[in-house]
Amino acid sequence: MSPSQDELSFRNAIREAIDEELAADSDVIFFGEDVAEAGGVFAATPGLRDKYGDERVFDTPISELALSSAAFGSAVAGLRPIVEIMFADFLFLAMDSLVNQSAKYWYLSNEQKSIPLVVRSAVGGGIGFGPIHSQVPISWFLGVPGLKIIAPSTANDAKRLLKAAIRDENPVLFFEHKALYATTEVREELTGQEILGKARIVREGSDITLVSCMKGVADCLEAARLLNEIGISAEVLDLRSLRPMDNEMIQSSFSKTKSLLVVEEGPITGGWAGEVISIANEVKIDGMKLWRIATPDRPIPFSPALENEFYPSAITIFESVRERHAR
Amino acid sequence: MVTLKANLELFEKMVLIRTFEETVQSLFQKGEIVGTTHLYSGQEAVATGFASALQPQDLVAATYRGHGHALATGVTPQSLMDEMLGRLTGVCGGRSGSMNVIDLEHRLIGCFGIIGGSIGAATGAAIALARKNGVAIAYFGDGAINQAYFYECLNFAAVRKLPVIFVCENNLYGEYTPWEDVTAGQIRARAEALEVKSETIDGNDVWAVQKAALASFDYARKGNGPVFIEALTYRFVGHSRSDPGKYRKPGELDAWKLRDPLIIARKRLVDEFGFSTQEVDAAEAGVKKRMEEVREQSLKAPSPGLERLGSEFMELKRAGGGGA
């Protein structure tokens, strides 16, 4: 059943954002594997090729390095490309064009030309895709100056952020969590100018700040509801942008609650949760609590019996907070 | 339309490149230039011949051995030498150094420090240039044809019929290793397998290069798709500053020096194009004198101040993110 007029699915939010930006600027182009004729393996982009033609929306060979470097080169030469890397696990094949070329171009050219490039890519597990179609490789890119990393948690925000990413002058990695594509919410009117790099408080609270992004935000909200029942008031902060990170909002929320838990879908070692904790830790507060929940340092197992227990969930978040706050 | 320019400018450009590289080498030995450099000496005819066929809207992607490509395309010797020295007045303000020069004003979209990077950049640029009757050109060496960039991008460009010229400068060695030791089959056969229009040319005769370049640009500009050129040439110096070139076969360097692109050009200018030896000598002396002036000025150029560490991102200039 398709959502009603006043509802927006995450999947349609992606399509609408690309559609509107293709319509607004003839320099915007969109390409990737199976995105045009087939409309994307996650069915996020049907109909765009028919509407805008093969010059602006097209299928590519299964060549992640070629298509990402083609996006880079086209941006150098004046276009504003959006590309889809089907699964973020495939981004590693495109690393040179993204990390060595796109991310550094504006800076090392002495600001001659920026690279307004968006790489959309599906991330995340929980649906049985196994170890090499389920990763969230945010931390691989977190230490790359010049790259922006966006990771939305809801349909309206996905549309808002993707449109802003396309209009941004810098290369942007835009991660879409597979578990979110089918989620819907009441359509919001998008107004004003969105600047990448801002987090948002999606639930206010006074006893602890729960920080996450993408699917983790819904888990945190559910955990907050459960915590409320036992008298713990949790604030939930949706990062939205992992690079740059909204240090100010992280620190102001933590200053208020004096307790902060980061929830990351990704290996705990070297993960972005550690970065959030470091940022929060710059605020010195007596008796403060700072910790993280992430996935084990293992490849993501296939077996549902193992994978179902692999990720943070509302329950694990709830229990972790309850245990810490009982001390 | 193919017309050859039988003039002194091509020769002067090649002398400029050779003299520039010799100046870089001497500044390196004096410790004025740090890091590493990869000199183009011996291969000047390739970049000079192709650059002579460029139109104003065309774009060039080069390699970390890119000083010659940059100068041939129009980057000024002063801004390039200043960059070698890491000066504020360098073409990239001292941020790029020898291996990563970018000068969009002069059509140079970049020199790429990763082998094969030029191939991807030119392929992408061709998507944009197809809209304005432009052609992109990628220079790379024989070593690059074993990179994923080569196969993936030639295929991509061929299926999309992109206006891009892939110029493989086969100088016989991928860094320290003879190309045939690490390459299966013949170089041009790789492109032919993808049904990309291909040709092997004498990369040491600038007019032979120019002729192939004019035909290639013509073909690509008419929307026929990409062209692959294998230009046979030889570098007279080591791969980088630390390479004495011990892997060369006995007599090989001497044999190639007889086919020095400057010697070939000088001979053709006098024998075929009617210049006197004195005119050619005067042209060469003029270039060398100007390079000496460039050298002196570069050494006096200011270094960037710490405020030039600058920022990570370009600020947003366009309105964005709002409603439709």
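In the stretch A:196-212, the residues that are touching a residue at least 40 places away in the same chain (Cβ under 8 Å) form Cβ pairs under 6 Å with partners that are surrounded by fewer than 17 Cβ atoms within 10 Å (Cβ to Cβ) and not small (Gly, Ala, Ser), at six or more places apart or across chains, as follows: A:GLY197/A:PRO244. Being of a type in the set (S, T, N, Q) and surrounded by fewer than 17 Cβ atoms within 10 Å (Cβ to Cβ): is that true of B:GLN186 here? Spelling it out, B:GLN186 is indeed of a type in the set (S, T, N, Q) and surrounded by fewer than 17 Cβ atoms within 10 Å (Cβ to Cβ).
Okay, residues lined up against (1) away from chain A (no Cβ under 14 Å); (2) of a type in the set (Asp, Glu):
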{"residue": "B:GLU21", "(1), (2)": "yes, yes"}
{"residue": "B:GLN25", "(1), (2)": "yes, no"}
{"residue": "B:GLY42", "(1), (2)": "yes, no"}
{"residue": "B:THR48", "(1), (2)": "yes, no"}
{"residue": "B:ALA51", "(1), (2)": "yes, no"}
{"residue": "B:ALA61", "(1), (2)": "no, no"}
{"residue": "B:GLY66", "(1), (2)": "no, no"}
{"residue": "B:HIS69", "(1), (2)": "yes, no"}
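Scan the stretch A:199-229 for residues that are buried (at least 17 other Cβ atoms within 10 Å of the Cβ) and either modelled with pLDDT under 95 or of a type outside the set (A, V, I, L, M) (or both) and the total you get is 10.
Looking at B:LEU162, is it modelled with pLDDT under 95 and more than 8 Å from chain A (Cβ to nearest Cβ)? Spelling it out, it is not the case that B:LEU162 is modelled with pLDDT under 95 and more than 8 Å from chain A (Cβ to nearest Cβ). Here is the figure for the stretch A:232-248: residues that are more than 23 Å from A:ALA165 (Cβ to Cβ) and surrounded by fewer than 23 Cβ atoms within 10 Å (Cβ to Cβ) total 2. Tell me which residues, restricted to the stretch B:84-118, are in contact with a strand residue (DSSP E or B) (Cβ under 9 Å, 6 or more places away or on another chain), more than 8 Å from every other protein chain (Cβ to nearest Cβ), assigned to a helix (DSSP H, G or I) and of a type outside the set (Ser, Thr, Tyr). Within the stretch B:84-118, just B:HIS106 meets the criteria. Being touching a residue at least 12 places away in the same chain (Cβ under 8 Å), among the charged types (D, E, K, R), farther than 19 Å from B:ASN170 by Cα and part of a loop (DSSP other than H, G, I, E, B) is not true of B:ARG235. Please find, within the stretch A:86-98, the residue that is farthest from the other protein chains (Cβ to nearest Cβ) out of those that are hydrophobic (A, V, I, L, M, F, W, C) and buried (at least 24 other Cβ atoms within 10 Å of the Cβ). Top of the filtered list is A:ALA88. Across the stretch A:135-191, the number of residues qualifying as within 14 Å of chain B (Cβ to nearest Cβ), small (Gly, Ala, Ser) and crowded, with 23+ Cβ neighbours inside 10 Å comes to 3. Among residues of the stretch B:42-72 being of a type in the set (S, T, N, Q) and surrounded by 24 or more Cβ atoms within 10 Å (Cβ to Cβ), the one that is nearest to B:PHE166 (Cα to Cα) is B:THR63. Which residue out of B:GLY124, B:GLY143 is more than 10 Å from every other protein chain (Cβ to nearest Cβ) and assigned to a helix (DSSP H, G or I)? Only one candidate passes the filter, namely B:GLY143. Only a single criterion out of (1) at pLDDT below 95; (2) within 14 Å of chain A (Cβ to nearest Cβ) is not satisfied by B:GLY274, namely (2). Counting only helices (runs of 4 or more DSSP H) wholly contained in the stretch A:218-325, the ones carrying 2 or more residues that are hydrophobic (A, V, I, L, M, F, W, C) and closer than 24 Å to A:PHE141 by Cβ occupy A:247-257, A:272-281. Regarding the stretch A:99-121, can at least one residue be identified that is surrounded by fewer than 20 Cβ atoms within 10 Å (Cβ to Cβ), out of contact with any strand residue (DSSP E or B) (no Cβ under 7 Å at 6 or more places or on another chain), more than 14 Å from chain B (Cβ to nearest Cβ) and part of a loop (DSSP other than H, G, I, E, B)? No; the residues of the stretch A:99-121 include none that is surrounded by fewer than 20 Cβ atoms within 10 Å (Cβ to Cβ), out of contact with any strand residue (DSSP E or B) (no Cβ under 7 Å at 6 or more places or on another chain), more than 14 Å from chain B (Cβ to nearest Cβ) and part of a loop (DSSP other than H, G, I, E, B).
Yes/no per residue for (1) surrounded by 24 or more Cβ atoms within 10 Å (Cβ to Cβ); (2) closer than 23 Å to B:ALA61 by Cα; (3) at the interface with another protein chain (Cβ under 10 Å from one of its Cβ atoms):
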{"position": "A:ILE14", "(1), (2), (3)": "yes, no, no"}
{"position": "A:GLU21", "(1), (2), (3)": "no, no, yes"}
{"position": "A:ASP27", "(1), (2), (3)": "no, yes, yes"}
{"position": "A:THR45", "(1), (2), (3)": "yes, no, no"}
{"position": "A:SER68", "(1), (2), (3)": "yes, yes, yes"}
{"position": "A:ALA75", "(1), (2), (3)": "yes, yes, yes"}
{"position": "A:GLU84", "(1), (2), (3)": "yes, no, no"}
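Hey, any hits in the stretch B:225-244 for a residue that's within 14 Å of chain A (Cβ to nearest Cβ), touching a Gly at 6+ places or on another chain (Cβ under 6 Å) and surrounded by 15 or more Cβ atoms within 10 Å (Cβ to Cβ)? No. Comparison of B:LEU316, B:LEU269 shows that the only residue that is surrounded by 13 or more Cβ atoms within 10 Å (Cβ to Cβ), touching a residue at least 60 places away in the same chain (Cβ under 8 Å) and either farther than 18 Å from B:LEU16 by Cα or of a type outside the set (S, T, N, Q) (or both) is B:LEU269. Screening B:VAL101 on (1) under 30 Å from B:LEU309 (Cβ atoms); (2) out of contact with any Cys (no Cβ under 7 Å at 6 or more places or on another chain); (3) β-branched (Val, Ile, Thr) shows it passes everything except condition (2).
The values are calculated or read from the model by the stated rules, or taken from the named source; none is laboratory data. These numbers come from a predicted model, not from an experiment. Note that we place each Cβ from the backbone using ideal geometry, even for glycine, and neighbour counts take in every protein chain shown.
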